[in-house]
Amino acid sequence: MNARQTEILKRLRDLGRIEFEVEAAYFGVTPMTIRRDLRQLEAEGQVLLTRKGAVPRSEIYEKGTSPHPTPEKNAIARRAWQLLQETPNVKSIMLSTGTTTLAFAKLLARENPLLSVLTNSIPIASALFQTRVKVMLTGGELRSNSLDLVGPAAEQFLHDYHVDMLFTGCDGADAAQGFYTADLNLANLENQSVKISNQVVILCDAAKFTRKALVKFASLNDVNCVISDPALGPAERNMLETRGVNVLIA
């Protein structure tokens, strides 16, 4: 880390948010130079890039999550953003817990759209901190193995809400049966999330279709779209599409 990057971090802590153009003028360099500095700081886990600059990265809230999503998960997140842009009149979405949905949240933070996001994930809420995205975090009980909220209070919270789209992951998938999670409490919350959403999108790498998990939270009739990677087999893809599920390959 050079002296300018150290000073950039200090200014970011003081200001809470910085922009490429403003920092370029302050340091007397080009915006591209500042962008390169911030990209290096993001790679080191120090900041989170936004469309026009950067915000601090709250590492404490990302404990236990994957700080570097796989290329497949990042590609799925980019395809989810493209789908969101292609879908008209979307003003509110829900992002459920998961590493792929977290990657999507970080992409949303960089794009900085005017959007309302409902989530039960503290890391996702943290990723969207100090952006134009309006974040609503459910109540509930903190899970013992991750920074996510579940339980009756979280489920009751969702009863009062409606979203245009739900983006969620899964622990297991079956192209003939539906989508599964290993946590019973999370399954109840996911099931309620499906009920309050106009459209349900599963962000699911192809490896999930090789196994099931403990509880099914969504059947194929509940799901509008699956976004997966190129390793998804033609048999699974055909089975999903035959049941009316749109399949997008990232």
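Each value in this text was obtained by applying a stated rule to the coordinates, not by laboratory testing. Worth saying up front: this structure is predicted, and the values here are computed from it rather than measured. Every residue, glycine as well, gets a Cβ built from its backbone with ideal geometry; the counts of neighbours run over all protein chains shown.
Observations
- Out-of-range pairs (alpha-carbon distance over 22 Å; input K106/K195; K52/K134; K91/K208; K52/K106; K195/K216): K106/K195; K91/K208
- Counted by neighbouring Cβ atoms within 10 Å, the residues F20, F217, F27, F167 run from fewest to most as F27, F20, F217, F167.
- Amide H partners (placed H, <5 Å) of V247, local residues excluded: V226
- Length-normalised contact order of the range 100-171 in % [C-alpha pairs under 8 Å, at least 6 apart]: 27
- 3J(HN,Hα) along the range 183-197: 10, 4, 4, 5, 4, 4, 5, 4, 4, 5, 4, 4, 5, 8, 10 Hz, from the Karplus curve 6.51 cos²θ - 1.76 cosθ + 1.60 with θ = phi - 60°, whole Hz, x for Gly and Pro.
- Dividing the convex hull volume of the alpha-carbon atoms in the chain by its residue count gives 124 Å³ per residue.
- Pairwise FRET efficiency - K52 versus A3, Cβ, R0 = 25 Å, nearest 0.05: 0.60
- Computed over the range 3-56, the Cα gyration tensor eigenvalues convert (square root of 5λ each) into semi-axes of 14, 12, 11 Å, ordered from largest to smallest.
- In a fully extended conformation the segment linking R36 and M136 would gain 32.8 nm over its present Cα-Cα distance, using 0.36 nm per residue.
- Against the main long axis of the alpha-carbon atoms of the chain, helix 31-43 sits at an angle near 50°.
- Calculated FRET value between N224 and Y161, using beta carbons and R₀ = 25 Å, to 0.05: 0.85
- Shown is the FRET efficiency for I196 and T242, computed with R0 = 22 Å from the Cβ-Cβ distance and rounded to the nearest 0.05: 0.20.
- Ellipticity estimate at 222 nm from DSSP helix runs (n ≥ 4, -39,500 (n - 2.57)) divided over the chain, nearest 500: -12000 deg cm²/dmol
- Remark: relative contact order (the chain) = 15 percent; criterion is Cα-Cα distance under 8 angstrom and separation of 6 or more residues.
- In percent, rounded to a whole number, the relative contact order of the range 3-56 is 38, using alpha-carbon pairs under 8 Å and six or more apart.
- Principal axis extents of the C-alpha atoms in the range 77-198 (largest first, rounded to whole Å): 34, 33, 26.
- Each of Y161, Y26, Y180 was scored by other Cβ atoms within 10 Å of its Cβ. Arranged with the fewest first, they read Y26, Y161, Y180.
- Built amide H within the under 5 Å cut-off of T97, gap 5+: N120
- Extension gain for Q82-D14 works out to 21.1 nm (0.36 nm per residue, less the C-alpha to C-alpha distance).
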